[in-house]
Structures are given as C-alpha cells and as structure tokens.
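Contents: one structure, followed by commentary.
Derivation of every value follows stated rules applied to the coordinates shown; laboratory data play no part. Note that the structure is predicted; figures quoted are calculated from it, not measured. All Cβ positions, glycine included, derive from the backbone under ideal geometry; neighbour counts span all protein chains shown.
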C-alpha cells in the first residue's frame, strides 16, 4: 500500500456512470412532462413541407419595391450602435465606481454593484415590453432596452477588467505624489482601453442580434418588418428578410472580429 | 538628508517586523541596505516614502525648499507634497506598458502639476523636452516613442531611473532595482544610480553584497527588524556570515539534500 491516498479508477468509473444515469433520467422526465417528442418532426413533416413551399422562392423585390426595408436595416444598425455607445459609456463610468482599486468608499461600490445586478436580472424582453408600454413601440424603445441590457452585461465585466490591471504602475504613480484621479488617468485607463474597446465591438455584435429580436416585440427596425410580414402571411417576404438578417449578422460579426483583433494586437505607437 | 528614528512595525499576532530602525543618510551618500529575506529591508524602504505607515518612529525628509517633514505624521495632502520630490525605483520597474517611454518618464511629475491640467490637457511641450533630456542621461532617448511594453528588463529599469531624474528629486529610493536583471545590466543600473548620489541621498535595498561593495558608499545591514551593521561597504567574511548566517546554513542543508545526479549512458 502506498502512503498517498488516491481515487481508484474503478471508483471514478462508478461516479461517472452514476452521473450519466441520473442526467439521462432527468432529461427523460423533462421530455415527458413537456410532451416533447422528437419523432413528431418526421411524422408531421408535411406541415414543414407545405410551409417551406410557401416560403420559397424568397421575394427579394421587397428590397427595391419601396424604401421601408432599407430604412429598417439602417434603423436596426443604428439601434445597435446607439445602444452600445450609450450603454457602454454608462457601464464604463459605473465600472470605476464599483472597482476596489478606483473607488475607496465601500458604500459607493456596493450601491453600484447592487444597481448593476438589478439591471442584469431583468430579461431584455421584459424591459422592451415595459418601454413599449411607457414610450410606445418603435426604435426609441429598442435603443433604451439595449442601453439597459448593455449596462447589465458589461458593467460587471469592465469592473473585473479594472480590478485585474497591474497594480505596480499605480503604486509608482502614487509614490510621485499623484492623486487617485491622476492614477486612474495615467495607469488604469491606458491599461484597460484596448480590452474596453474590443468588448464594446463584441457588444455591438451581440446588440445587433438583440436589436432584431427586440424589433419583433415592438422595438422597431428589421425585426418589426419581419413581424409584419409574418402576420399578413407574406411568407416569401419573411424568407427574404431572414436571409438579409443572416447576411447582416455575419457581416457585422466579421467586421467586429477583424477590428477586435487589430486593437488587441500589439502595435507600435504612431 | 533623511533621518530615520525608531521605526517599529508589529503584526497583529505580536511578531515584530521592524524593531527600532535608526539611521541618517546625508547628501553624497549611496547607502545599500542588505539583509536576509524577510529581515524587513523592503518594509523599511516602504516606510521612507509613506507607502507603509510604521506603528512608531519618525522619518524626516527635506522637501525642495529644505523644509523638513515627518512622513509618518503627515496628512494625506502633506504626504503627496513630500512624495513629489522622492524618486522611487522598483524591482518590477512599475511602468505603464501601454504608454510610450516618454509618457512614462513624464509621469514622474504628475504630483507637481495640477490635477485638472493633467486630466484635461496632459503634459506641455517643454516638459516633453525635459523628459527627453532625462532619457538621454540613461541613453534611452532613441526609444522615446516606443511602447514601453516592448522594452527589455534592463531598458525598462533605465526608463524608471529617467522617471526619477525627471522628478528632480531630493531623495532617491531604490527597492531591489537590480534583482530582476542579469549581471551586466545590473552594473549599468548601478553606474547610473551612483552619480545621482552626489547631490541627494540615495537609499537602496540590495541582495548582492559584491555590488554594494563596489558601488555604494555605505552599507546598512538589517536582520530581524534591527540594524546589525552600519559602515564601510566592503564587508568581511565574518560580517557577511553574521548577516546571512541562517540563510547560508539553510542553503548548505539544501545542497546536501539534493543527490548528485548520475550520468546515464545511452
């Protein structure tokens, strides 16, 4: 016998087998409870076939028949842009109020953290419904929702980025007699700026997709067009809009990826 | 001139980290503090510019007008005023890697310029020219526009020295400035620090008795939170053993514990 206790492989195997069995049973119970039967996709396939028949070919005339499609695309893009910009700026300020190395007063940090958590726990679809009731449907509600969502998901991330910067340079700056604001300006901001901008680009990418979804719920933009086409049963328009959305999302994602890589990559100062 | 009197620092569990440290360093002196690990060298140095507050004792430092300030009794505002003229060089360089070399040097004057100006406008052209002169003194002017993160360790420490020079300090502190560097870079750094001590007191913490013997004008040894030696930088073997005794003994123990590797022939 060895002096060191180890978990024997046979015991490991028993543990894994138990976990597998238990999760299989839970999944089965959930499927039965929800009446979810994957086989139905095949037995009821004629519904899908009929729908697909109505959806093809996509009616791309909506792009040039009138200007509403083009405008709604621009509307969605600007919703995502403004939501990211305002949300990102507010998240940036809140992050400094919540980070231990920039805000010495614990009370302020806790209040900020609680405020941000409150924003984060409300689902976006609930927020947009509230704004649609409060200020009416349209892209204004959409932008307000995106601002809230962006603050909720990025303020905490920014706080962590700020707290993870090297503390050494800050100590050196304090030791030449600088104030806390000067330390933030000359040590923390230069260190966090690249990842801050990279995260905002990512936020734009996420918000772009969210803006489409929010449109369906009254947030304006191309999502709203989609909802309209669906409710008047113009399925060929729906297909065209879906393909346009897919292309738009891919383009935005590629662009933000490209810019992010350029910013995060080390370069020489100009 | 800097006067250190009766510094003590005790942990909550009663362990004495500093136990009455006294010394005075005048202008023209380059004092090297030696001692085994955990003796309180770095702790003492951190008390000298108020990064750490001792439980008791005083540290008198002169500002640029020759006025004396007790760092241990200073308010936050006074402390910032005194620190404006205390240059500090750290073991880890502590430069902002995302900023240019020149900007890192100019940071040395942040305490001396108004906060509003530093936040809104930044530094002036005149300050940039003076910072460049400081960089020339450490032979780094040619890299002034480069990103600091792209420099080597020796180069970064030279920039840190330029930052301290740019402060026009009345006191220079160095916390293990050569511990991360190879021997030739370490010599370059020591050669750069030494002439600064002609006009101001310089106090540094070191781990290399051979370096302090060569470049310092005086050595202070700290052991168990007390000054055990203060005088000539050239230490006899007897003194060295007194200072590093336990550490040396421990090292020998390890040497015995490591078996000699056998040569395996393939």
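Annotations
- Alpha carbon centroid spacing (whole Å) that separates segment A:184-209 from segment B:104-150: 26
- Gyration tensor (alpha-carbon) shape descriptor, segment B:92-168, a/c threshold 1.5: prolate
- Cut-off 14 Å, label 7 Å out along Cα→Cβ of residue A:56, residues of segment A:226-255 by amide N: A:236, A:239-240
- Classified by the C-alpha gyration tensor, chain B has an oblate form. Its axis ratio a/c, with a ≥ b ≥ c, is 1.5 or above, and a/b does not exceed b/c.
- With an a/c value of 1.5 or above and a/b larger than b/c for the gyration tensor axes a ≥ b ≥ c computed over the alpha-carbon atoms, segment A:30-187 is described as prolate.
- D_trans [Stokes-Einstein, Kirkwood Rh over alpha-carbon pairs] for segment A:1-86, 20 °C, 1.002 mPa s, µm² s⁻¹: 107
- Each DSSP beta bridge with both residues in the protein assembly as shown is either parallel or antiparallel, and the antiparallel ones are about 55%.
- Segment A:1-48-segment A:246-265 distance, computed between alpha-carbon centres (Å): 37
- Packing-based exposure ordering (other Cβ within 10 Å, fewest first) of B:135, A:157: A:157, B:135
- Based on DSSP H segments of at least four residues, each scored -39500 (n - 2.57), chain B has a per-residue ellipticity at 222 nm of -10500 deg cm²/dmol.
- Going from the residue with the fewest nearby Cβ atoms within 10 Å to the one with the most, B:140, A:193, B:1 rank A:193, B:1, B:140.
- For chain A, fraction of C-alpha pairs farther apart than 23 Å, in %: 68
- Reported value for the protein assembly as shown: 303 Å³ per residue, from the convex hull of its C-alpha atoms.
- Chain A, helix-only ellipticity at 222 nm - DSSP H runs n ≥ 4, -39,500 (n - 2.57), divided by all residues, nearest 500: -25000 deg cm²/dmol
- Likely footprinting exposure, B:242, A:5, A:205, B:175, fewest C-beta neighbours within 10 Å first: A:5, B:242, A:205, B:175
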